[in-house]
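All remarks here apply to the structure that follows.
The values are calculated or read from the model by the stated rules, or taken from the named source; none is laboratory data. Computed from a prediction, not measured in an experiment: that's the story for all the values here. Neighbour counts run over all protein chains shown; Cβ positions are idealised from the backbone, glycine included.
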Amino acid sequence: MSSVSIKISDLKSLILSSPQPLLIKNQLSNWTPLHWSLPVWFKLLEFSGNNSAVFRCGENTCSKEPHWESKCCYKNHLIEQFLHHVEEMSTNQWMYFDYKHVAECLVEEVIEQVQSPWELVGFPERTLRDTTLWIGSKGAHTPCHYDTYGCNLVAQVIGRKQWILFPPSDPGIVATQTRVPYEESSVYSGVNFVCGKRMQESSVSSSTPYIITLEPGDILLVPHRWWHYVEHLSTGLSLNTWIPLNDKKVTSSVTEKRVHCLSG
């Protein structure tokens with residue numbers, strides 16, 4: 001892992017051209033919302049009705065298949081009671097307020113007045129309106145998949161989150177590809193990454209993935225079509241935005257097996 005310093009003015013071109021993940025450490029250290037607690041964030045979220053939000057709930061078990069989103073349990077909870085529910089859950093249970101568009105759940109005043117985190121990596125045109133919010137308890141996760149569009153920028157705000165990434169050409173992960181469930185924007189792996197036994201039994205066992213732990217203030221670039229499994233190591237909050245790419249400039253073949261770490 002290499003560590004270098006780089007100017008914000010140079011980050012945009014680096015992000016758009018990088019064929020491999022980029023970990024930008026502490027880039028958000030001076031970004032005001034980084035210092036907000038979860039209760040503060042909850043006060044800034046607004047919903048219709050009684051201010052309840054829909055959480056995807058599940059249990060981490062060694063099932064044969066991943067915990068597909070369509071087969072998870074969905075429950076309505078008051079957003080401010082999230083931490084209370086987390087304290088009452090067993091160690092293998094989790095809750096996820098995931099893939100929520102900031103423009104639909106954050107108060108308008110914050111959207112208008114707060115600086116976008118993407119401005120700090122060279123994308124001032126990407127505002128909070130172009131941002132997605134993820135709040136989860138320990139163990140909350142998204143099944144391994146790749147996105148069919150753009151590249152993914154992730155900002156870790158609260159807690160720690162582990163990313164397991166594979167390049168598009170990795171034969172071990174490619175062999176596990178499934179189109180069930182079918183989504184136009186995502187292609188999934190059929191391996192249950194929650195269960196080490198299932199991973200060892202699959203072709204993924206021959207792969208050498210990139211394993212990255214995001215901490216508050218970090219920004220991660222997930223390049224176009226890179227496979228990724230994401231899991232909360234602690235209760236936390238993160239943001240992301242997808243950056244459109246010119247397909248002619250997208251490089252799918254990756255040969256260099258290391259992650260660049262940029263110190264902010």
Item to complete: Go through segment 58-159 and tell me which strands (runs of 3 or more DSSP E), entirely inside it, have 2 or more residues that are out of contact with any helix residue (DSSP H, G or I) (no Cβ under 6 Å at 6 or more places or on another chain), among the hydrophobic types (A, V, I, L, M, F, W, C) and at negative phi.
Response: 73-78, 93-101, 132-136, 151-158
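Looking at 56, 126, can you tell me which residue is charged (D, E, K, R) and in contact with a Leu (Cβ under 9 Å, 6 or more places away or on another chain)? It would help to see each step written out before you state the result.
Values: 56 fails: in contact with a Leu (Cβ under 9 Å, 6 or more places away or on another chain).
Going through 56, 126 in turn, the sole match is 126.
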Worksheet item: Which of (1) surrounded by fewer than 17 Cβ atoms within 10 Å (Cβ to Cβ); (2) at pLDDT 95 or above does residue 105 not meet, given it meets every other one?
Response: (2)
Item to complete: Kindly indicate which of 12, 43, 7 is loosely packed, with under 14 Cβ neighbours inside 10 Å, in contact with a helix residue (DSSP H, G or I) (Cβ under 8 Å, 6 or more places away or on another chain) and among the charged types (D, E, K, R).
Response: 43
Worksheet entry | Number of the exception - residue 128 against (1) surrounded by 22 or more Cβ atoms within 10 Å (Cβ to Cβ); (2) touching a strand residue (DSSP E or B) at 6+ places or on another chain (Cβ under 6 Å) | (2)
Fill in: Flag for residue 92 being touching a residue at least 40 places away in the same chain (Cβ under 8 Å), in contact with a Phe, Trp or Tyr (Cβ under 9 Å, 6 or more places away or on another chain), closer than 23 Å to residue 200 by Cα and not aromatic (Phe, Trp, Tyr)
no
Worksheet item: If you go through segment 47-67, how many residues are within 25 Å of residue 155 (Cα to Cα) and either β-branched (Val, Ile, Thr) or surrounded by fewer than 14 Cβ atoms within 10 Å (Cβ to Cβ) (or both)?
Response: 1
Worksheet entry | segment 62-82, subset among the aromatic types (Phe, Trp, Tyr) and out of contact with any Lys or Arg (no Cβ under 9 Å at 6 or more places or on another chain), residue nearest to residue 182 (Cα to Cα) | 68
Item to complete: Filter segment 97-115 for residues that are closer than 18 Å to residue 156 by Cβ and over 17 Å from the mean Cα position of the chain (by Cα) and give the result.
Response: 106, 114, 115
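For segment 164-204, how many residues meet the condition of being of a type outside the set (Gly, Ala, Ser), in a strand (DSSP E or B) and either within 19 Å of residue 222 (Cβ to Cβ) or in contact with a Leu (Cβ under 8 Å, 6 or more places away or on another chain) (or both)?
Narrowing segment 164-204 to residues of a type outside the set (Gly, Ala, Ser): 164-168, 170-171, 173-174, 176-184, 187-188, 191-195, 197-201, 204.
Filter again for in a strand (DSSP E or B), leaving 164-166, 177-178, 187-188.
Still in the running and either within 19 Å of residue 222 (Cβ to Cβ) or in contact with a Leu (Cβ under 8 Å, 6 or more places away or on another chain) (or both): 164-166, 177, 187-188.
The qualifying residues number 6.
For segment 87-94, indicate whether the set of residues that are more than 26 Å from residue 186 (Cβ to Cβ) and surrounded by 15 or more Cβ atoms within 10 Å (Cβ to Cβ) is non-empty. Give the derivation first.
Kept after step one, since they are more than 26 Å from residue 186 (Cβ to Cβ), are these residues of segment 87-94: 87-91.
From what's left, surrounded by 15 or more Cβ atoms within 10 Å (Cβ to Cβ): 89.
Yes, some residue in segment 87-94 is more than 26 Å from residue 186 (Cβ to Cβ) and surrounded by 15 or more Cβ atoms within 10 Å (Cβ to Cβ).
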Worksheet, complete the sentence: The number of residues in segment 171-196 that are buried (at least 20 other Cβ atoms within 10 Å of the Cβ) and either out of contact with any helix residue (DSSP H, G or I) (no Cβ under 7 Å at 6 or more places or on another chain) or without any contact (Cβ under 8 Å) to a residue 12 or more places away in the chain (or both) is 2
